[in-house]
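Asker: Could you have a look at this structure, given as structure tokens, before my questions?
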Amino acid sequence: MAKGITRRSEDYARWYTDVVAAADLADYSPVKGCMVIKPHGYALWEQIKAVLDRMFKETGHVNAYFPLFIPKSFLCREAEHVAGFAKECAVVTHSRLKANDDPNSSEKVIVDEASKLEEELVVRPTSETIIWSMYKKWIQSYRDLPILINQWANVVRWEMRTRLFLRTTEFLWQEGHTAHATPDDAESEVLKMLGVYQTFAEEFMAIPVYAGIKTESEKFAGAERTYCIEAMMQDKKALQAGTSHNLGQNFARAFDVTYQSEAGKQEYVWATSWGVSTRLVGALVMAHSDDTGLVLPPKLAPIQVVVVPIWKNDEEHAKVMETVTGLVQSWDKDIRFKIDDRDYYRPGWKFNEWEKKGVCIRIEIGPRDVENGEVVLACRDDGSKSKIQNNQLNDRLRNELNDMQSRLFERARKFRDEHTFEVDSYEDFKRRIEAPEGFFNIHWCGDSKCEAKIQEETKATIRCIPLNKKHESGECIICKQPSSARVITGKAY
Ligand SMILES: [Zn+2]
């Protein structure tokens, strides 16, 4: 165990914060609740962003950018939407400060009353309203549809209890906002993007997810239906890793966005929105890392391979570096590597440093290895070490990175499956959800009163109604009314 990292078994929350710090991903900001994303954390976000951006473009989407500020009246147009976000909005009321000429005041500057804004501006908590105010200008006829736009942006949701990456007042995300001619088109878009998120989570993040629908009380403010993917972290809590909303005609009605159909009729437009955020960095930390530090899936690791040359004098340094330079040139061009030949740190210190930062593979090479034409290869996830001939190294790296990607996914899936249970007695549920022992699949009648009771008494929530649920007759764990399938419950981040 690395010095300075609390053990997971001791205090999971502390462990998480320690790993984020040890891996040098982020720092606390002078503004409470905000976060500074440091270069290594940002490089990880850039990997996430690059893959998702490609997947969005492959499914026909384009990027655009909408303003940070939203007129307050826009937010109020959709009743449920404003009710959902009102309590966490940052509001701009003035446009400048004025030098304070009162000699008795300790404040150097004060708000200038003359600069009070005519209409207050909300810093976007999400962009539906500003985007739909623009779609009104851009959509007239069925020929203008669909609009398939995504934006990469920051948003602000004023949070009282924050945690680096998982919940911060300002965070980075992408938000897709699409407009369609028919409800079927909108629904297939929503499911398509949920599929993109699921593929990304499982194939790139190596995190298995359940895809499902949120209950009425858990859906997005202003949506008809919210679909989500839910993942299990190592403390057996759930983390919502992406959402895709069918907004129906709610925003089209609020902003009066209609189009002329092929038949010549005026119809309201159908909408979707979908997003993932820097929270995914938190998910990666919590799903795979260990007591030594960060563990990352190779497909997203900013540095996949670090080469640590070992030498005692200048002559050895020159000899080892010559081999290292030749080696890395022979590797596939898409392998992300770094050569660490800093002379002011000892090899052992460097090993520890790169382990904390989640570099997938370490290559050690000293003068004797150069003579033998081999290197030592160490894997971050399982700690295995082996000697590899230089001429086999490229293939071996390729294979090790692929194997590690699969190993991480399989380990996470096994862990989740071993901690997902069916339970029919509310007493058992209450006892076992306390720690929690995992996810519990329970029968639920569909009534929000039973859902609220579960939440009040156990702090657990219905994470989703799974999409691939199997039909099974049962009775609601609370009220004993009939139920036709199980829902997934858990404690969540
Ligand atoms: Zn019930």
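The values are calculated or read from the model by the stated rules, or taken from the named source; none is laboratory data. Because the structure is a prediction, the values reported are computed rather than measured. Positions of Cβ are generated from backbone atoms using ideal geometry, with glycine treated the same way; all protein chains shown enter the neighbour counts. Heads up: the accessible areas ignore ligands, DNA and RNA and are worked out on the full protein's heavy atoms, side chains in. Shrake-Rupley method; radii C 1.70, N 1.55, O 1.52, S 1.80 Å.
Asker: Filter region 22-40 down to residues that are among the hydrophobic types (A, V, I, L, M, F, W, C) and in contact (Cβ under 8 Å) with a residue 12 or more places away in the chain and give me whichever is surrounded by the fewest Cβ atoms within 10 Å (Cβ to Cβ).
Answerer: Among those residues, the one meeting the criterion is VAL31.
Asker: Pick from VAL122, VAL156, VAL109: which is touching a Leu at 6+ places or on another chain (Cβ under 9 Å) and open to solvent by 40 Å² or more (accessible area, probe 1.4 Å)?
Answerer: Values: VAL122 fails: open to solvent by 40 Å² or more (accessible area, probe 1.4 Å); VAL156 fails: open to solvent by 40 Å² or more (accessible area, probe 1.4 Å).
Just one listed residue meets the conditions, VAL109.
Asker: Got a sec? Which of ALA318, ALA283, ALA301 is more than 30 Å from MET35 (Cβ to Cβ) and of a type in the set (A, V, I, L, M)?
Answerer: One residue alone meets the criteria, ALA318.
Asker: Would you point out the residue of region 202-231, among those that are among the hydrophobic types (A, V, I, L, M, F, W, C) and over 19 Å from VAL281 (Cα atoms), that is most open to solvent (accessible area, probe 1.4 Å)?
Answerer: This residue is ILE213.
Asker: Further question on the same structure: Could you grab me the full set of residues in region 60-104 that are within 16 Å of LEU117 (Cα to Cα) and open to solvent by 60 Å² or more (accessible area, probe 1.4 Å)?
Answerer: Passing the criteria: PHE69, LYS72, VAL91, SER95, ARG96, LEU97, LYS98.
Asker: If you don't mind, there's one more thing I want to ask. I'm trying to understand the selection: among the residues of region 471-484, which are assigned to a loop (DSSP other than H, G, I, E, B) and touching a residue at least 40 places away in the same chain (Cβ under 8 Å)?
Answerer: If the condition is that a residue be assigned to a loop (DSSP other than H, G, I, E, B) and touching a residue at least 40 places away in the same chain (Cβ under 8 Å), then ILE477, ILE478 are the ones that fit.
Asker: Considering only region 437-465, how many residues are open to solvent by 70 Å² or more (accessible area, probe 1.4 Å) and more than 15 Å from the ligand (Cβ to nearest atom)?
Answerer: Qualifying residue count, region 437-465: 1.
Asker: List, please: which pairs have Cβ atoms under 7 Å, are six or more places apart or on different chains, and start with a residue in region 325-339 that is closer than 14 Å to ARG396 by Cβ and end with one that is surrounded by 10 or more Cβ atoms within 10 Å (Cβ to Cβ) and at pLDDT below 95?
Answerer: Listed pairs, sorted by first residue: none to list.
Asker: Tell me which strands (runs of 3 or more DSSP E) are completely within region 51-165 and hold 1 or more residues being outside the structural domain of PHE251 (by TED's automatic domain parsing) and not hydroxyl-bearing (Ser, Thr, Tyr), or say none if there are none. Write out each step before concluding.
Answerer: Working: elements: 69-71, 91-94, 97-99, 109-111, 116-123, 147-156.
The strands (runs of 3 or more DSSP E) meeting that bar are 69-71, 91-94, 97-99, 109-111, 116-123.
Asker: In addition: What is the number of the single condition among (1) open to solvent by 60 Å² or more (accessible area, probe 1.4 Å); (2) more than 15 Å from the ligand (Cβ to nearest atom); (3) part of a helix (DSSP H, G or I); (4) not small (Gly, Ala, Ser) that ASN468 does not meet?
Answerer: ASN468 satisfies all of (1) open to solvent by 60 Å² or more (accessible area, probe 1.4 Å); (2) more than 15 Å from the ligand (Cβ to nearest atom); (3) part of a helix (DSSP H, G or I); (4) not small (Gly, Ala, Ser) except (3).
Asker: Okay, next question. Can you name the condition, by its number, that GLU434 falls short on among (1) touching a residue at least 24 places away in the same chain (Cβ under 8 Å); (2) open to solvent by 70 Å² or more (accessible area, probe 1.4 Å); (3) within 14 Å of the ligand (Cβ to nearest atom)?
Answerer: So the condition that GLU434 fails would be (3).
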